[in-house]
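The values are calculated or read from the model by the stated rules, or taken from the named source; none is laboratory data. Everything numeric in this text was worked out from a predicted model, so none of it was measured. Reconstructed Cβ throughout: ideal geometry from the backbone, glycine too, with neighbour counts over all protein chains shown.
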Number of protein chains: 4
Amino acid sequence: MSPMPASLSEPRVGVWLIGARGSVATTVIAGCAALTAGLHPPTGMVTETSLFAECGLPTLSSLVFGGHDTVDCPLPKRAEALAAGGVLPPGLPSAIAAELEAADAEIRPGGPAPGDTRDDSELVDAFAADLRDFVRRRGLTRVVVLNVASTEPAPVGSALPPSSLYAAAALAAGCPYVNFTPSTGLHHPALASAARAARLPYAGRDGKTGQTLLRSVLGPMFAQRALAIRAWSGTNLLGGGDGASLADPAAAAAKNAGKERVLADTLGAAPQGEVHIDDVPALGDWKTAWDHIAFDGFLGTRMILQTTWQGCDSALAAPLVLDLARLVSRAHEAGLSGPLSELGFYFKDPVGDGPAALGEQYAALAGFALRLRALPGETR
Amino acid sequence: MSPMPASLSEPRVGVWLIGARGSVATTVIAGCAALTAGLHPPTGMVTETSLFAECGLPTLSSLVFGGHDTVDCPLPKRAEALAAGGVLPPGLPSAIAAELEAADAEIRPGGPAPGDTRDDSELVDAFAADLRDFVRRRGLTRVVVLNVASTEPAPVGSALPPSSLYAAAALAAGCPYVNFTPSTGLHHPALASAARAARLPYAGRDGKTGQTLLRSVLGPMFAQRALAIRAWSGTNLLGGGDGASLADPAAAAAKNAGKERVLADTLGAAPQGEVHIDDVPALGDWKTAWDHIAFDGFLGTRMILQTTWQGCDSALAAPLVLDLARLVSRAHEAGLSGPLSELGFYFKDPVGDGPAALGEQYAALAGFALRLRALPGETR
Amino acid sequence: MSPMPASLSEPRVGVWLIGARGSVATTVIAGCAALTAGLHPPTGMVTETSLFAECGLPTLSSLVFGGHDTVDCPLPKRAEALAAGGVLPPGLPSAIAAELEAADAEIRPGGPAPGDTRDDSELVDAFAADLRDFVRRRGLTRVVVLNVASTEPAPVGSALPPSSLYAAAALAAGCPYVNFTPSTGLHHPALASAARAARLPYAGRDGKTGQTLLRSVLGPMFAQRALAIRAWSGTNLLGGGDGASLADPAAAAAKNAGKERVLADTLGAAPQGEVHIDDVPALGDWKTAWDHIAFDGFLGTRMILQTTWQGCDSALAAPLVLDLARLVSRAHEAGLSGPLSELGFYFKDPVGDGPAALGEQYAALAGFALRLRALPGETR
Amino acid sequence: MSPMPASLSEPRVGVWLIGARGSVATTVIAGCAALTAGLHPPTGMVTETSLFAECGLPTLSSLVFGGHDTVDCPLPKRAEALAAGGVLPPGLPSAIAAELEAADAEIRPGGPAPGDTRDDSELVDAFAADLRDFVRRRGLTRVVVLNVASTEPAPVGSALPPSSLYAAAALAAGCPYVNFTPSTGLHHPALASAARAARLPYAGRDGKTGQTLLRSVLGPMFAQRALAIRAWSGTNLLGGGDGASLADPAAAAAKNAGKERVLADTLGAAPQGEVHIDDVPALGDWKTAWDHIAFDGFLGTRMILQTTWQGCDSALAAPLVLDLARLVSRAHEAGLSGPLSELGFYFKDPVGDGPAALGEQYAALAGFALRLRALPGETR
């Protein structure tokens, strides 16, 4: 499982992160460097398991990072802050300072910034130009665009939210697109025909990292055992940027829709019970999710399952983002297009048709690996 | 899903319970009567879901109950005690008093009782005679023997433990056998050749009802996500007969082996951590299971999942026992023999070869349903 | 601790419950009858412990129940529903049917009902007349009025909410008053001068039964140990009438104010963190409260305490209500008036000045017991 | 609350730690240096709250550390390991390297080491000589000896365990003694007459840091509310040296006795339920304690409280050890002798007579502060 250095002739693949200075993006970039340097095992990366051997995925060392962001804090400084908060190992930021600086040099201003006078099409053009410039300067074979920015409020009206502007730019620049957030992205009606015409693969949306990951195995368990869920309630406590952005009820609503969809899909109907997302700044990037599940057993006996999940969201998301960058790059190389429904394993609200139970999603992913193994690639 | 009354011509199937006056058996018998009478929906019974439509399973109303036990407390009285403890709904014992009395009349003394002078082969003969007598008097097409007695200590030496005497009697009487406990039963070397020669189907062992059920979905989740388990610890608190018998360290060891096997099988190796089973008489038949799972995420980030399961063991076990009685009866009718590995869904330590993850076990069970649909039966 | 029958000459004391057909009131009335009949020990009643021996409290058998309510469901039927939900023991309602019917006959219509044309002073007069009538017909020495109705929304403007109309009626009829809810009651500015003039004892408000009870011992623990609370978050899940009424954000806000006050008072400042109250009808009268407390230890080490409380609110409240009825009756008998600050043990938001830590409140209550022992009474 | 530098004339007080290279001792020494340098606030130290203002306690900067240990790992290296495990803040060991080295230079070999040929009295003499040498070389006014070594198995027979040898040495050298562990220490019958004759103050035993701290506030809560505990069960998961030493059943038994005593003392009787201590090396110095408390409410309603405590034992213990060193030094200065029962706040199994509820123990401690304020001291 130890990553190999990129051979001189291995094509280089761009990974373009929307929200490139956020916690998730910083952990992705730092983590890829740490793994390439052999400092840590690839815990949490499914593409580093034997399932994906011989599938022609780009190596970790062939990945080149860049992205858009609206904030200025340089990646090395952001990484130090994450290390202080226990998200990155102490000492890692200095060990991989060169890689952080290299990625930081490839981050371009996002938008629209406050006071920005550019209209939507000007913004899309600017973002697409950034992508084409990245390809040209770095000699990349292809670039995958991944949205890992904070959740934006569910849009009202027909205006394109920022996430959709970035998605349109990916289409314009011929880049496959992955939406790791519940934001609109490619799902906007105004982008539908362009998305079809582009014949690019895409995946999303809303990475399944913690409470919903659990729900995607517990929901099927109750359904398969014919146990009747009476109520499923949940509370999430988190700080960091994600906590603050989800304190906005509109953003929280977008997030919760995905959580509830998993239950409705696996149980057959949405049960009673609410989901709360509390911004608790003191918790930093650490998230605690408590679920309380009241269910009926035989003859109406009342039983309860409670789960408490204490995790670091960025550390849970980062290996999935690296997996997705590699998988979608490989799909693009192999000429696949449209929704990659076999990647439902990674998402709360997967594109295309596919199962909602994690076990079945894993089987679909394994099938995708087999399919990739048989598909042509430039390097094989 | 409402059970139909048995047609006049429908063959009757015997369900012979070892430990027939225990909490599980009483809940099985009372529950079957309650469902047949339309008093409760069949919550927890997988054989009542659409998966098993048209599979030729015996109806609930065709089941006739009997069994062995070493205690005297009549079933109606036992049922009243369970209702007082909240295991059975208040009022149910009186509503189905006739069925409880009918089953109680078919319970024969188990053994060996203290001071019993019969040797093993005499005991086996006596138990087998009880089974043949049950068939004859009640006009049964077949009888399934199910062990739902308290866990017995892991045997030392070559002597046959009681559970194996009952299993030998089932073989002698030509009855398929299901071991719902971690006791030895048919797994004794001395029974191996007789078991092969009998060409009967069998299933087991150790019903998967609570903490281990959870582990069989959580273990695969961690494995599929390539997350590294650092330690998995658990404590079970329970009263009732099961709590008392598991207070015996040898019985607890037998029970725990199954729990740990599920983790080792789904995670690839047994993690650090112990499992405790505490007898807490004040909790009666209610069981609380706490699990603490320490795992590593990306870059070694330390995370924790805790689960607390509060359930009634008898109510969790009873629908599975009814499922198994129907499935194994149907397998026998269809001429299947040997270990029914497709029933691993129900067990901690399944016979035959099969997956350890609940989702895959459910898929195997669904395959079994399809197979049954195509197999001949007397009634089809 | 076994209750004695009322001697023929013992004065009878009225207990007038606002919300007399609710879960709490029904449990109070049924419980008092069950204890008087010797069917159950007085678990949860502090006034039945040795602390209050020789304090001259009215006996349980001397209490006569009545009250106001706006709903019609008779107490015996309400008690059956509570028994079906596990709040009252099965069989209790029929065992004490006579007492439930007697109390039901003393319940008068509350108000204002929808379409009620009476103005505030007419309603107060009518309620006060009900109280005087109760005293006269039943030959009572005194009547304590206790509000155990559902929480009403925090009032806007100067209009008297219903709880204050009942409190005004108590003043008018010369009855001591206890507010077991967060509703306004006697705390309305318009009642301030009448309350002072009445020279009656009063107590409140908002009974401390579950999550806040815990907080009143955990908060002091952290403070005494000089540990720094970083965030204290909580979620309450409950069904029943209380769940439904607290689903109203205004009512929940009134409730939460009390919960937060306990933390602010014991910790010195209100910590980060929210409190949620979810209406989960499936849970009935059972409440689950989860608290997550993030705190700093020595050198900033981050630690966490979580608590999960699963209780039946009516069963937690009822013995406190009986305690309060007896204590406030005795205070009235002894000529005490004004806020009974020694009863802070029972409340989230106590009247008068007193400590917020439960242990200190218990010491104050013990001091009150000593004081009562020395005070004159009609019966001593 | 910021610590002041020791004035030139302030007497210096020795703090002699048995187990001076363990996690607790290292955290004590590093923490005192960090606080003296103003790097951290004194979280967790009660002696730094206003309660102890003007009580004449020695300042933190006046404390001089030394001790006995049987292991060689130097304190600076031990501190680095603790920082890597998250017990000490990253960067602290290097910031206070000089203080760690100074303390390390005062650590003398403990015993008996394997193969040690010295008999008990030779060992006691050697340890006492170490203490006298420490006083002389460092010019100390007095030395407090505190046992913070790993729990030793409950002794069998009359042989003096190591903890008692160190205690005897403290007596011989005229040093007050504090036992922060459940080990025997001064509680050995063979030391009884010497202890009386020495007229020194002493305190102990077994620091109350986590699960038992919680129990000392929850037990009184249930008792004061007259709620009936049906069963109180607990599981502790911990790694580090303490986890390993408590994996020895005899050591665990010594530890558990203290935990159960707190429940028996606050509830009036020991409830049903066991306590487990599991060695889980993966958890390092972090401890998780789960408690499950089944209790009866009014009319026998069954309710449950669960608590999960996740803390770092060394960080919980260290501020208490510093408190005790200062308090016992001051007591010695003031001429107090014998068991300091007012320090029960700190212990699971306090010496002398005193309350078991934390709130009452805090009141006793506050009384002790008042008493100290009035007592003479060399510096006042």
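Against the list (1) over 30 Å from residue A:88 (Cα atoms); (2) within 17 Å of the chain's Cα centre (by Cα), the condition residue A:375 fails is (2). Given the structure, is residue D:248 under 21 Å from the mean Cα position of the chain (by Cα) and either surrounded by 20 or more Cβ atoms within 10 Å (Cβ to Cβ) or more than 14 Å from chain B (Cβ to nearest Cβ) (or both)? Against the criterion (under 21 Å from the mean Cα position of the chain (by Cα) and either surrounded by 20 or more Cβ atoms within 10 Å (Cβ to Cβ) or more than 14 Å from chain B (Cβ to nearest Cβ) (or both)), residue D:248 qualifies. Residues considered: C:156, C:143. Of these, the only one that is under 28 Å from residue C:182 (Cβ atoms) and either touching a Phe, Trp or Tyr at 6+ places or on another chain (Cβ under 7 Å) or not assigned by TED's automatic domain parsing to the domain that holds residue C:17 (or both) is C:143.
Within segment C:292-309, the set of residues being facing chain A (nearest Cβ under 10 Å) and either more than 23 Å from residue C:226 (Cα to Cα) or surrounded by 21 or more Cβ atoms within 10 Å (Cβ to Cβ) (or both) comprises C:292, C:294, C:295, C:304, C:306, C:308.
Could you go through segment C:42-59 and let me know if any residue there is more than 10 Å from every other protein chain (Cβ to nearest Cβ), closer than 20 Å to residue C:377 by Cα and crowded, with 24+ Cβ neighbours inside 10 Å. Looking for residues that are more than 10 Å from every other protein chain (Cβ to nearest Cβ), closer than 20 Å to residue C:377 by Cα and crowded, with 24+ Cβ neighbours inside 10 Å, one finds at least one in segment C:42-59, hence yes. Would you check if there is a residue in segment D:232-244 being within 13 Å of another protein chain (Cβ to nearest Cβ), out of contact with any strand residue (DSSP E or B) (no Cβ under 9 Å at 6 or more places or on another chain) and crowded, with 24+ Cβ neighbours inside 10 Å? There is no residue in segment D:232-244 that is within 13 Å of another protein chain (Cβ to nearest Cβ), out of contact with any strand residue (DSSP E or B) (no Cβ under 9 Å at 6 or more places or on another chain) and crowded, with 24+ Cβ neighbours inside 10 Å. Screening residue D:268 on (1) out of contact with any Asp or Glu (no Cβ under 9 Å at 6 or more places or on another chain); (2) among the small types (Gly, Ala, Ser); (3) at negative phi shows it passes everything except condition (3).
Here residue C:270 fulfils each of the conditions (1) of a type in the set (A, V, I, L, M); (2) buried (at least 22 other Cβ atoms within 10 Å of the Cβ); (3) within 14 Å of chain A (Cβ to nearest Cβ) apart from (2).
Here's the yes/no breakdown for (1) modelled with pLDDT of 95 or more; (2) on the phi > 0 side of the Ramachandran plot; (3) out of contact with any strand residue (DSSP E or B) (no Cβ under 7 Å at 6 or more places or on another chain):
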position	(1), (2), (3)
D:261	no, no, yes
D:264	no, no, yes
D:285	no, no, no
D:306	yes, no, no
D:310	yes, no, no
D:343	yes, no, no
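Checked against the criterion of being touching a helix residue (DSSP H, G or I) at 6+ places or on another chain (Cβ under 7 Å) and within 11 Å of chain A (Cβ to nearest Cβ), the candidates B:24, B:64 yield just one match: B:24.
Comparison of D:94, D:183, D:150, D:158 shows that the only residue that is more than 24 Å from residue D:284 (Cα to Cα) and polar (S, T, N, Q) is D:158. For residue A:258, the criteria (1) assigned to a loop (DSSP other than H, G, I, E, B); (2) surrounded by fewer than 21 Cβ atoms within 10 Å (Cβ to Cβ); (3) touching a helix residue (DSSP H, G or I) at 6+ places or on another chain (Cβ under 9 Å) hold in every case but one, which is (1).
Sub-6 Å Cβ pairs linking a first residue in segment B:288-299 that is within 12 Å of residue B:215 (Cβ to Cβ) to a second residue that is part of a strand (DSSP E or B), at least 6 apart or interchain, are B:289/B:236; B:289/B:309; B:291/B:234; B:291/B:307; B:293/B:232; B:293/B:305, ordered by first then second residue. Can you work out which of the residues in segment C:194-205 that are in contact with a helix residue (DSSP H, G or I) (Cβ under 8 Å, 6 or more places away or on another chain) and either surrounded by fewer than 24 Cβ atoms within 10 Å (Cβ to Cβ) or at pLDDT 95 or above (or both) is nearest to residue C:152 (Cα to Cα)? Looking at the filtered set, the residue picked out is C:203. Test residue D:280 against the criterion of being hydrophobic (A, V, I, L, M, F, W, C), farther than 23 Å from residue B:234 by Cα, touching a Lys or Arg at 6+ places or on another chain (Cβ under 9 Å) and not assigned by TED's automatic domain parsing to the domain that holds residue D:35, and give yes or no. So residue D:280 fails the test.
Step by step: first the residues of segment A:219-228, then only those that are touching a Phe, Trp or Tyr at 6+ places or on another chain (Cβ under 7 Å) and facing another protein chain (nearest Cβ under 9 Å), then the one that is surrounded by the fewest Cβ atoms within 10 Å (Cβ to Cβ). Which residue is that? Looking at residues that are touching a Phe, Trp or Tyr at 6+ places or on another chain (Cβ under 7 Å) and facing another protein chain (nearest Cβ under 9 Å), I get A:228.
When restricted to residues that are in contact (Cβ under 8 Å) with a residue 24 or more places away in the chain and surrounded by fewer than 20 Cβ atoms within 10 Å (Cβ to Cβ), segment A:109-125 contains 6. Once segment A:199-218 is narrowed to residues that are more than 11 Å from chain B (Cβ to nearest Cβ) and not in a strand (DSSP E or B), the residue that is nearest to residue B:222 (Cα to Cα) is A:212. Residues in segment D:139-156 that are surrounded by fewer than 15 Cβ atoms within 10 Å (Cβ to Cβ) and either without any contact (Cβ under 8 Å) to a residue 60 or more places away in the chain or in contact with an Asp or Glu (Cβ under 9 Å, 6 or more places away or on another chain) (or both): D:156 alone.
Criterion first (under 18 Å from residue B:222 (Cβ atoms) and modelled with pLDDT of 95 or more) does residue B:332 satisfy it? When the stated conditions are applied, residue B:332 does not pass them.
Evaluate the following for residue A:87: is it touching a strand residue (DSSP E or B) at 6+ places or on another chain (Cβ under 7 Å) and within 14 Å of chain D (Cβ to nearest Cβ)? When the stated conditions are applied, residue A:87 passes them. Taking segment B:180-193 as the range and being crowded, with 24+ Cβ neighbours inside 10 Å and part of a helix (DSSP H, G or I) as the test, the residues that pass are B:185, B:186. You will find that of C:168, C:173, C:192, the residue that is in the same structural domain as residue C:326 (by TED's automatic domain parsing), more than 30 Å from residue D:361 (Cβ to Cβ) and without any contact (Cβ under 8 Å) to a residue 40 or more places away in the chain is C:192 and no other. In segment B:336-347, the residues that are more than 14 Å from every other protein chain (Cβ to nearest Cβ) reach residues that are among the charged types (D, E, K, R) with C-beta atoms within less than 7 angstrom, at least six apart or across chains, in these pairs: B:337/B:199; B:341/B:353. Residues that are closer than 20 Å to residue A:204 by Cβ and out of contact with any Gly (no Cβ under 9 Å at 6 or more places or on another chain) within segment A:231-255 comprise A:245, A:246, A:250, A:251, A:252, A:253, A:254, A:255, listed in sequence order.
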